[in-house]
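The values are calculated or read from the model by the stated rules, or taken from the named source; none is laboratory data. Note that the structure is predicted; figures quoted are calculated from it, not measured. Every residue, glycine as well, gets a Cβ built from its backbone with ideal geometry; the counts of neighbours run over all protein chains shown. We work out accessible area using only protein heavy atoms, side chains counted, and drop any ligands, DNA or RNA first. Shrake-Rupley method; radii C 1.70, N 1.55, O 1.52, S 1.80 Å.
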Protein chains: 2
Amino acid sequence: MPAFSHFTALAQSLPPTVPFVGPETQERARGAEFKARLGANENGFGPAPSVIEAIARQAELSWRYADPENHDLRVALGTHLGLSPERVVVGEGIDGLLGLIVRLIVEPGTPVVTSLGAYPTFNFHVAGFGGRLVTVPYRDDREDLDALLDAVRRENAALVYLSNPDNPMGTWHSAEAVTEFAKALPETTMLVLDEAYGETAPASALPAIAALADLPNVLRFRTFSKAYGLAGQRVGYVFGVEETVSMFHRVRNHFGVNRLGQAAALAALKDQNWLAHVIAQVETSRDRIAAIASRQGFAPIASATNFVTIDCGRDSGYAKAILDGLVSRGIFIRMPGVTPLNRCIRISTGPAAEIDLFEAELKNIVADLG
Amino acid sequence: MPAFSHFTALAQSLPPTVPFVGPETQERARGAEFKARLGANENGFGPAPSVIEAIARQAELSWRYADPENHDLRVALGTHLGLSPERVVVGEGIDGLLGLIVRLIVEPGTPVVTSLGAYPTFNFHVAGFGGRLVTVPYRDDREDLDALLDAVRRENAALVYLSNPDNPMGTWHSAEAVTEFAKALPETTMLVLDEAYGETAPASALPAIAALADLPNVLRFRTFSKAYGLAGQRVGYVFGVEETVSMFHRVRNHFGVNRLGQAAALAALKDQNWLAHVIAQVETSRDRIAAIASRQGFAPIASATNFVTIDCGRDSGYAKAILDGLVSRGIFIRMPGVTPLNRCIRISTGPAAEIDLFEAELKNIVADLG
């Protein structure tokens, strides 16, 4: 019997392989678990004890669907942000919300602008809805706001992606620069402002909520996956003008957010002391990773995130050799995927014991490679 | 500043209101929690103690993303089903997986067949991708296989939805009838066979895995939300021919499944003793709900699910009055949405104390209504 032939032409045109290789896949291939997990910008300092307790309290109620309105969490986020809860939507991580905004705006051929080497999951969604991705190179390891704006205007783009702070480089723009960029966009271009790493950035890097709050073409995406330490719980959120935000309700998976995830996120948001404690640990760990890199003669790039990207000073082959060496020795890290960013490796902050392992193995590998 | 104008025409055409009103929304409106939660076909008998333990063990690792391949769970499901794990995909509940299969097959105008009054979330997804929904009435409170097949052929439908056992009526077809239906479909029509309630059905209602395993146009959807008691964890799965199943990877949210959900589902699958224990409780509860209905002169419809749909013997206004009476007295239930199914109310099985409350209030309401 032949294969099913009625998939859409778009679906049939998509690549069968996808670029999401988790550390577990590598562990299965290696036949051993990683000794240090520093590749996915997770938060190895972990969620708050109050969050673990909230999860434990909810576990027996796992038989209940979660509230499809995510009401309590949206109210808490609204209070936290100084916005009405109607201006906030919760989804299955920023990844899930990115898929929805792309779906709401992108049709086959719709031009979309992003930076070359920026978040691949956004690109995956754009491809998945047939969008035409236009990329702009980084400049000095930062997303190039002027070039992004030029590309938006030239292509009449419906959507532009900006992460601030940036992944995979860890760099950032000032609140003023981001605000100016947002306001300069055509009103027919939606800005996807990915602030997944906002909590670990200096305050001066984040536009005040009010600064962008009245722009119908700006959506700010945040998550509990990074500083709040809940990557496994899949809770992200987006906020903007109510008329824009409400469009998500037309297409989202209303019962998609995990009940324990909602409870965990709510508890995490309430425990701002733990967040401050984690952010201090992230800063200490960033400094230490930078110092380790410097001792090897490498150039750590100043970071506003929970990772440090390290310029290894040669070509991508050298950076890849270092990465392969670390991975083969049980240290899970990643590196940027495109030139010239791929002269770098990227190390997530984490517990001192894991950074110890990274330090020791990096030294060995650099010596071996010569 | 004007609202954002660049949403797709399809997105702008979708209704701003959606038909997903959770019990929490009603509780907020009432200003009080429900005393009995018998409306969403959740499993009030709860997940296994072994599952609660698995969740507790994973809670501290909530900072880690889940394995995007859902490898361990797919292997366990493959073993359970007698299929290779490549033939299984895990997603954010059946709801999430339904959205993906619709996306893979439906474009604006694509004909899709379902039964009038069947699962509204499937219809939500079809509308969300612009499909043209063709509905077929139930016959004798069952999905009408002959009429579905006729509609598929007449419309040259790309997709047909069948739930067996059925929601909202609780009825079912035999394995032979379903197998015959599947094999009679044009090979250009994908069968979405929703078996969410399969675990509580008689064995004779479920086609053997092998019976449909070689059909590239059949996908069987199952879930941990019902008999396994994990609705809040959002873990569903789909299986079929590998070439068909693998299409999900092109568009799914690879990191979308919750880490604790994966662990909970894996533990639940391993604890088949608990499942048997729950199924026995469901059967006892079904019998009791049926007896309660009969004592009021109503006609309970034989059910293969974890709920009982009760024919109240008059029109939809009467059924609605009973529903409203129960809800106002703190008993959360639901009812079918279309004629003639809406002469019925639908009561989920659940703990005896909740059924006690239902029984007492139903008696009062029926007496009041006269």
Fill in the blank from the handout: Expressed as a whole number, the average count of other chain Cβ atoms within 10 Å around the Cβ atoms of B:66-76 is 3
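Roughly how much accessible area, to the nearest 100 Å², goes out of reach of solvent when A and B pair up, both sides summed, probe 1.4 Å?
Numbers: alone 16460 and 16440 Å², together 25560 Å².
In total, chains A and B hide about 7300 Å² from solvent.
Based solely on its DSSP helices, what 222 nm [θ] is calculated for chain A when runs of n ≥ 4 H residues each add -39,500 (n - 2.57) and the sum is averaged over all residues, nearest 500 deg cm²/dmol? Each step should come with its number before you reach the end.
Values: 14 runs with 153 residues, N = 370.
Value at 222 nm, helices only, nearest 500: -12500 deg cm²/dmol.
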Fill in the blank from the handout: Taking r as the C-beta separation of B:Ala302 and B:Arg30 and R0 as 30 Å, the FRET efficiency to the nearest 0.05 is 0.40
Practice task
Would you list, by chain and number, the lysines whose Cα falls below 18 Å from the Cα of B:Lys320, excluding same-chain residues fewer than 8 positions away?
Solution key: B:Lys363
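Rounded to the nearest 5, what % of DSSP beta bridges with both residues in chain B are antiparallel?
Looking only at bridges with both residues in chain B, the antiparallel portion is about 50 percent.
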Problem - Most mobile listed residue (A:Glu24, A:Glu92, A:Glu354) in chain A, GNM with C-alpha springs under 10 Å - result: A:Glu24
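Please list B:8-21, B:321-334, A:287-300 highest first by mean number of surrounding beta-carbon atoms within 10 Å per residue.
Details: B:8-21: 14.1, B:321-334: 19.6, A:287-300: 16.9.
The most tightly packed comes first, giving B:321-334, A:287-300, B:8-21.
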Practice task
Read phi for every residue in the stretch A:40-47 and hand back ³J(HN,Hα) as whole Hz from Karplus 6.51 cos²θ - 1.76 cosθ + 1.60, θ = phi - 60°, with x for Gly and Pro.
Solution key: 10, 6, 6, 10, x, 7, x, x
Fill in the blank from the handout: For A:Asp356, inter-copy label-point distances (7 Å, Cα→Cβ), nm, shortest first, read 5.7
Problem - Charge sum, other residues only, whose C-beta stays under 11 Å from A:Phe307's C-beta, Lys/Arg counted +1 and Asp/Glu -1 - result: +2
Handout entry: At 1.002 mPa s and 20 °C, Stokes diffusion of the stretch B:49-270 via Kirkwood alpha-carbon radius, µm² per second
Key = 121 µm²/s
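Pulled fully out, how much extra length does the chain show between A:Glu86 and A:Glu243, if you take 0.36 nm times their separation in residues and subtract their Cα-Cα distance? Before the final figure, lay out each step's value.
Values: separation 157, 0.36 × 157 = 56.52 nm, distance 0.93 nm.
Additional length available on full extension: 55.6 nm.
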Exercise for the section: Determine ³J(HN,Hα), in whole Hz, for all residues of the stretch B:230-247 in sequence, where each value follows from phi through the Karplus function 6.51 cos²θ - 1.76 cosθ + 1.60 and θ = phi - 60°; x replaces Gly and Pro. Expected result: 10, 3, x, 8, 6, 10, x, 8, 9, 9, x, 5, 4, 4, 6, 4, 5, 4
Problem - Length-normalised contact order for the stretch B:49-270 - Cα pairs under 8 Å, 6+ apart - percent - result: 28 percent
Problem - Pair B:Ser204, B:Leu369: separation of 7 Å Cα→Cβ label points (nm) - result: 3.3 nm
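Can you give me the relative contact order of chain A as a percent, contacts being Cα pairs under 8 Å and 6 or more apart? The partial results should precede the final answer.
Working: 697 pairs, mean separation 85.8, N = 370.
Contact order relative to length: 23 percent.
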Problem - Charge dipole magnitude, Cβ of K and R +1, D and E -1 - chain A, Cα centre, debye nearest 20 - result: 600 debye
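Given a 1.4 Å probe and every protein chain left where it sits, what share in percent of the accessible area of the protein assembly as shown is carbon and sulfur?
53 percent
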